[in-house]
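Heads up: the structure comes next, in structure tokens.
The values are calculated or read from the model by the stated rules, or taken from the named source; none is laboratory data. All values derive from a computational prediction rather than experimental measurement. Note that each Cβ is placed from the backbone with ideal geometry, even for glycine, and that neighbours are counted across all protein chains shown.
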Amino acid sequence: MECAHTLWQHRVLLTTLFIGIHDVIVMRIRDNYAITTAILT
């Protein structure tokens, strides 16, 4: 039972990390896109 609980916590932690990293990447891409658009126009 303890093992399953730990596995669930680990999965939640991984999911949280993945979402956080994904958000950072999306923000970076948006910033780069905005900068590129500003330079081109």
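Mind listing whichever residues of the chain are among the acidic types (Asp, Glu) and at pLDDT below 90?
Residues of the chain that are among the acidic types (Asp, Glu), as a first pass: 2, 23, 31.
The one that is among the acidic types (Asp, Glu) and at pLDDT below 90: Glu2.
Condition (residue is among the small types (Gly, Ala, Ser), in a helix (DSSP H, G or I) and exposed (fewer than 10 other Cβ atoms within 10 Å of the Cβ)) applied to region 5-28: is it met by at least one residue? No: zero hits.
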